[in-house]
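Working notes, beginning with the structure itself.
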Amino acid sequence: MKMRIEKDSMGELEVPKKALYGAQTQRAINNFPISDEPLPEAFIRSLILIKAAAARANESLECLTPEMSKAIQSACDELLDSDNLMQHFPVDVFQTGSGTSSNMNANEVIATLASTHHGSAVNPNDHVNYGQSSNDVIPSAIHVSATLELTGHLLPALTHLKETILEKGTALAEYTKTGRTHLMDAMPVRLDQTFHAWAAQLQDNIDNLTYLEAKTTKLAQGGTAVGTGINAHPEFAELFAKELSYLTNVTFSKGDNFFALIGSQDTAVALSGQLKAVAVTYMKIANDLRWMNSGPLAGLGEISLQALQPGSSIMPGKVNPVIPEATAMVAAQVIGNDAAITIGGQSGNFELNVMLPMIAKNLLNSIKLLANSGQLLADNAIATLTVNEDKLNEALHRNPILVTALNPIIGYGKAAEIAKKAYKEGRPVVDVAEEETELSRDELLSLLDPAKLTHGGL
């Protein structure tokens with residue numbers, strides 16, 4: 001590989017000749033051969049948007065010449081339009097906790113391209129990073145990228161999943177099944193009640209994420225090194241937020257307290273906690289689907305999920321619930337990500353949190369996984385499942401727990417005797433109740449009608 005010599009405040013070192021980045025990026029590449037995993041593209045794109053918005057704001061404040069600002073903006077546009085963006089951003093996630101290496105990576109790449117547009121040297125620190133610090137840029141990039149991924153991907157995916165579940169549930173309202181508590185037979189429920197409960201869980205998650213989204217639009221940008229705003233124009237923060245809002249079509253605003261936004265990551269921790277709640281909801285839905293689909297002979301077999309691929313390399317004809325299983329693994333990963341983010345949030349030492357890149361990576365990973373798996377769960381599991389009505393009815397009318405409906409008439413003790421006898425003899429509860437009570441068969445059939453019982457009441 002052909003190399004060139006670059007220089008920074010620590011001296012000279014070799015950099016690949018064709019690389020757009022410079023010495024500080026190369027030092028980070030050399031220093032952190034840890035995971036071979038860069039920060040997510042969504043984060044890098046937000047970082048570039050921040051640089052473009054800063055250039056626009058600094059031009060308006062006469063801190064950069066119009067020509068310099070336009071050159072930086074053009075460089076940012078060129079990167080955002082690139083099909084190979086990430087080749088220019090190789091810095092490992094596990095780097096300096098402030099994310100300084102990634103900030104300088106962006107500054108250097110943008111400066112190289114901007115120099116071409118400007119016709120003379122554009123400096124990564126003095127021009128691209130003007131009025132900024134890694135310490136406010138990286139926390140801002142976390143908030144910006146999380147906001148854009150929430151609005152652009154996760155919230156639409158959750159809404160699609162919720163609406164698919166509601167639609168499917170409504171279509172299945174005629175089906176009644178044995179309810180289960182403790183995985184044991186319980187009073188009957190309709191399939192629309194089961195599905196609409198899942199949809200209600202998802203709506204709660206959507207509401208909570210929407211609330212937190214309002215928090216992620218508050219930015220640390222303008223606080224610079226420690227929150228005081230040193231070396232930034234007094235009007236920079238508000239104007240920057242305005243310019244970023246213009247570039248993204250999302251309303252961002254100056255943070256209420258720069259010290260809090262730079263020294264802590266409480267909003268990211270709260271958002272991660274809510275993403276964990278989404279994961280728990282996903283796990284609930286996925287496991288319910290797996291149980292209902294189990295069998296088809298030795299399990300419950302109440303529904304059949306779409307057959308997507310062979311389920312075994314040795315057992316011919318076996319088909320597994322692959323989408324719910326993938327969703328459950330996503331849920332486990334998101335819960336793990338949250339644990340890491342929680343520990344990261346505790347690392348706000350005095351005026352700076354020093355686990356920012358890891359927090360960014362895990363937060364965006366959780367959002368991406370939940371968005372993608374939610375879409376698949378909706379389209380390839382919920383929308384396409386079918387009901388095995390014979391299997392539902394096989395257990396439904398033999399369920400001794402139906403006797404619960406007789407409690408107000410014959411009392412709990414007598415009802416328990418009937419249930420135990422029905423269990424022991426393997427007979428429908430209506431037959432045993434007819435023998436053990438003075439109620440007529442017609443009365444019993446009405447009182448023990450499973451579909452009627454799903455409406456509750458006395």
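Worth a mention:
- Of all residues in the stretch 284-342, exactly one satisfies the criterion of being of a type in the set (S, T, N, Q), open to solvent by 70 Å² or more (accessible area, probe 1.4 Å) and within 16 Å of the chain's Cα centre (by Cα), namely Q333.
- Extreme residue, farthest from T224 (Cα to Cα), among residues of the stretch 26-73 that are open to solvent by less than 50 Å² (accessible area, probe 1.4 Å) and hydroxyl-bearing (S, T, Y): S35
- Scanning the stretch 74-96 for residues that are open to solvent by 10 Å² or more (accessible area, probe 1.4 Å), not in a helix (DSSP H, G or I) and not small (G, A, S) returns D81, D83, N84, P90, F94, Q95, T96.
- Residue match in the stretch 187-198 (condition: more than 28 Å from F258 (Cβ to Cβ), in contact with a helix residue (DSSP H, G or I) (Cβ under 9 Å, 6 or more places away or on another chain), crowded, with 21+ Cβ neighbours inside 10 Å and aromatic (F, W, Y)): yes
- So T281, is it among the hydroxyl-bearing types (S, T, Y), closer than 27 Å to A54 by Cβ and either open to solvent by 40 Å² or more (accessible area, probe 1.4 Å) or under 23 Å from the mean Cα position of the chain (by Cα) (or both): no
- Helices (runs of 4 or more DSSP H) enclosed by the stretch 392-441 - at least 3 residues per element that are in contact (Cβ under 8 Å) with a residue 12 or more places away in the chain and under 50 Å from the mean Cα position of the chain (by Cα): 412-425
- The condition (being in a helix (DSSP H, G or I) and either more than 18 Å from the chain's Cα centre (by Cα) or farther than 30 Å from K215 by Cα (or both)) is satisfied by just one residue among T170, T151: T170.
- All positions within the stretch 242-257 that are open to solvent by less than 30 Å² (accessible area, probe 1.4 Å), in contact (Cβ under 8 Å) with a residue 60 or more places away in the chain and not in a loop (DSSP other than H, G, I, E, B): E243, L244, T248
- Residue within the stretch 446-458 that is farther than 29 Å from A286 by Cα, among the aliphatic types (A, V, I, L, M) and open to solvent by less than 70 Å² (accessible area, probe 1.4 Å) present: yes
- Sub-7 Å Cβ pairs linking a first residue in the stretch 177-195 that is more than 19 Å from L377 (Cα to Cα) to a second residue that is assigned to a strand (DSSP E or B) and of a type in the set (K, R), at least 6 apart or interchain, are A186/R180; P188/K177; V189/K177, ordered by first then second residue.
- Take the conditions (1) of a type in the set (S, T, Y); (2) part of a helix (DSSP H, G or I); (3) more than 30 Å from I382 (Cβ to Cβ); (4) touching a residue at least 60 places away in the same chain (Cβ under 8 Å); S115 misses just one of them, which is (4).
- On inspection, I230 does not qualify as in a helix (DSSP H, G or I), aliphatic (A, V, I, L, M) and more than 16 Å from L377 (Cα to Cα).
- Evaluation of K177 against (1) open to solvent by 20 Å² or more (accessible area, probe 1.4 Å); (2) closer than 22 Å to G457 by Cα; (3) not β-branched (V, I, T) (one fails), failing number: (1)
- Single condition K361 does not satisfy, out of (1) open to solvent by 50 Å² or more (accessible area, probe 1.4 Å); (2) assigned to a helix (DSSP H, G or I); (3) of a type in the set (D, E, K, R): (1)
- The stretch 53-81, residues that are more than 27 Å from the chain's Cα centre (by Cα) and in contact (Cβ under 8 Å) with a residue 60 or more places away in the chain: A54, A55, R56, A57, N58, S60, L61, C63, L64
The values are calculated or read from the model by the stated rules, or taken from the named source; none is laboratory data. Note that the structure is a prediction, hence the values are computed from the model and not measured. Positions of Cβ are generated from backbone atoms using ideal geometry, with glycine treated the same way; all protein chains shown enter the neighbour counts. Areas reflect the complete protein model, heavy atoms only, side chains present, ligands, DNA and RNA absent. Shrake-Rupley method; radii C 1.70, N 1.55, O 1.52, S 1.80 Å.
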